[in-house]
Amino acid sequence: MVTDKDIDGGWAWVVLATTSLGMVIAGTVAIATGFLQVEFLEHFSQSTGYTSLVSSMFLCLELGMGPFSSVLCDMFSIRVAMVTGGVLMSLGLIIASYTTDLLHLILAFGVLGGAGFGLTYTPLNVILGHYFTDRQPMANGFSLAACGSGLALGAYFVIWFIDAYGWRMTVSALACCSLQFCVIGFSYFPTKRTPTTFCCKRRKRTRVECRKPETCLWFLKDARWWIMCSNYGLLMIGYAIQIVHFPAYAESVHVPHDLLPGLYTTYGVVITIARVLCGVLCNDNNVDLQMVFFSTQALEGLVIVFMPLYAKDYVGIMTYQILVSLFYGASLVPLTPLVVRLFGVDKLSTVFGWIMLWGGAGSFAGPVIAGWLHDVTLSYSSGFHVGGLFVLVAALLVLLIPGCKLGTSESPHEVTMETLVHTEQTVVIRPPLDL
């Protein structure tokens, strides 16, 4: 059991290091789906839309398993969820490396492998919320930056493996990497944090958390929950199109195959820098997390929606990679701190899990929509136009948060301390939302 001395220090730094390693692996696996999509199209000779189901199902369950992972985290522990996911993911990828039919590949790689990946994704994203408080945005930024390292280095690893050994051995190698999630999970110990208390004896107005009996579906009454979920689902439509179809788009505009790793290196390096800088920025209490969340997504949407108009050669595509990685990389840094600020750390696993489920739906829909549009128009451009529009709508939804009423089931609200002056009641104090 980890105590208060390991919050923002001590074992928290070990957890940050192991989580960052997990993010490197996650980035490598995620970036592999785009390169494998090209291999699957060539090997199975099926339509782009149907073949996209392999990667889209994998990315869908990566996020869509969020609620189930949250249940494992809440009923057992974050460690159990992480280890279980690592086992299932490696098993699914090993089976996928032996498949000879596209449907079997969808079931093994997409469903079983994606389900395992999804069980690990939520623990990787919520664990730092349990080990860090004052330094949480900065720690979150460094962890997400490690994912950028996986994107940068993973492209070389994946392309080299495909060229040297073929896609089957590449998938087997990814299965071996995914087993490291089990090792990482064993570094996650339960945390025991002492709540901040205040004895109400003075006449002053402050914000206190008045707890009321809650139902298991308390979040359905909270408009902020609906906004955050819808936002992430729409955002992931654009992101999944980028991940799955970008290599094929680059080849369609005659970018040489040997230059693709350099594009992903740029993508990963810029994401890493963006996340570190944004993490440091968001660590300042005077920074409005909501506006950072909105502005980075809005700029990302504009970059994607206009991409086919300027990314027509290597220079244009490199420009696109720099811009989209800059804004996408920064956009995810405020997510976990914003969820904690809106709903509290005790709700982090539950709320984050549901947000991931909506993101999974977007990740499934995006590549399939873009693949279908390619089959109809014989061009990948329309898919990026549509994906960018979805990201812009996602950004606009964030602006609705300040006008939302808090959920009625368990909502912190203002009360006057003079109403408690004679009760000597001890209540939990939480800082007011500065959104």
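Residue under question is SER69, and the condition is that it be open to solvent by less than 30 Å² (accessible area, probe 1.4 Å), closer than 22 Å to LEU151 by Cα, of a type in the set (Ser, Thr, Tyr) and in a helix (DSSP H, G or I); does it hold? Taking the combined requirement at face value, the residue does not satisfy it. For the stretch 289-299, the count of residues that are touching a Ser or Thr at 6+ places or on another chain (Cβ under 7 Å) and open to solvent by 10 Å² or more (accessible area, probe 1.4 Å) is nonzero. For beta carbons closer than 6 Å, sequence separation of 6+ or different chains, a first residue in the stretch 90-119 that is in contact (Cβ under 8 Å) with a residue 12 or more places away in the chain and under 12 Å from ALA173 (Cα atoms) and a second that is open to solvent by 10 Å² or more (accessible area, probe 1.4 Å) and of a type in the set (D, E, K, R), the qualifying pairs are SER97/ARG168. Listed conditions (1) open to solvent by 10 Å² or more (accessible area, probe 1.4 Å); (2) touching a Leu at 6+ places or on another chain (Cβ under 6 Å); (3) among the small types (Gly, Ala, Ser) are all met by ALA164, apart from (2). Conditions: (1) at pLDDT below 90; (2) touching a His at 6+ places or on another chain (Cβ under 9 Å). GLY344 meets all but one. Number of the miss? Going through (1) at pLDDT below 90; (2) touching a His at 6+ places or on another chain (Cβ under 9 Å) one by one, GLY344 breaks only (2). The single condition among (1) more than 17 Å from CYS177 (Cα to Cα); (2) aliphatic (A, V, I, L, M); (3) free of Cβ contacts under 8 Å to residues at least 40 places away in the same chain that ILE127 does not satisfy is (3).
In this structure, LEU309 qualifies as open to solvent by 70 Å² or more (accessible area, probe 1.4 Å), in a helix (DSSP H, G or I) and more than 25 Å from ALA26 (Cβ to Cβ). Restricting attention to the stretch 15-65, the residues that are more than 21 Å from the chain's Cα centre (by Cα), over 15 Å from ILE106 (Cβ atoms) and among the hydrophobic types (A, V, I, L, M, F, W, C) total 1. Residues of the stretch 312-338 that are hydrophobic (A, V, I, L, M, F, W, C), under 13 Å from the mean Cα position of the chain (by Cα) and surrounded by 24 or more Cβ atoms within 10 Å (Cβ to Cβ): ALA330, VAL333. Residue count for the stretch 72-102 under the criterion of being open to solvent by 50 Å² or more (accessible area, probe 1.4 Å), at pLDDT below 95 and among the aliphatic types (A, V, I, L, M): the result is 2.
Could you count how many residues in the stretch 218-254 are touching a residue at least 60 places away in the same chain (Cβ under 8 Å), open to solvent by 10 Å² or more (accessible area, probe 1.4 Å) and outside any helix (DSSP H, G or I)? Total meeting the criteria: 1. Restricting VAL376, VAL386 to residues that are at pLDDT 80 or above, assigned to a helix (DSSP H, G or I) and open to solvent by 70 Å² or more (accessible area, probe 1.4 Å) narrows the list to VAL376. Scanning the stretch 23-66 for residues that are outside any helix (DSSP H, G or I) and surrounded by fewer than 22 Cβ atoms within 10 Å (Cβ to Cβ) yields SER45, GLN46, SER47. Quick one: count up the residues across the stretch 79-122 that are more than 24 Å from ILE184 (Cα to Cα) and among the hydroxyl-bearing types (Ser, Thr, Tyr). Counting residues in the stretch 79-122 that are more than 24 Å from ILE184 (Cα to Cα) and among the hydroxyl-bearing types (Ser, Thr, Tyr) gives 4.
The values are calculated or read from the model by the stated rules, or taken from the named source; none is laboratory data. Because the structure is a prediction, the values reported are computed rather than measured. Cβ sites come from the backbone with ideal geometry, for glycine too, and all protein chains shown count toward neighbours. These area figures cover heavy atoms from the full protein model, side chains too; ligands, DNA and RNA do not enter into them. Shrake-Rupley method; radii C 1.70, N 1.55, O 1.52, S 1.80 Å.
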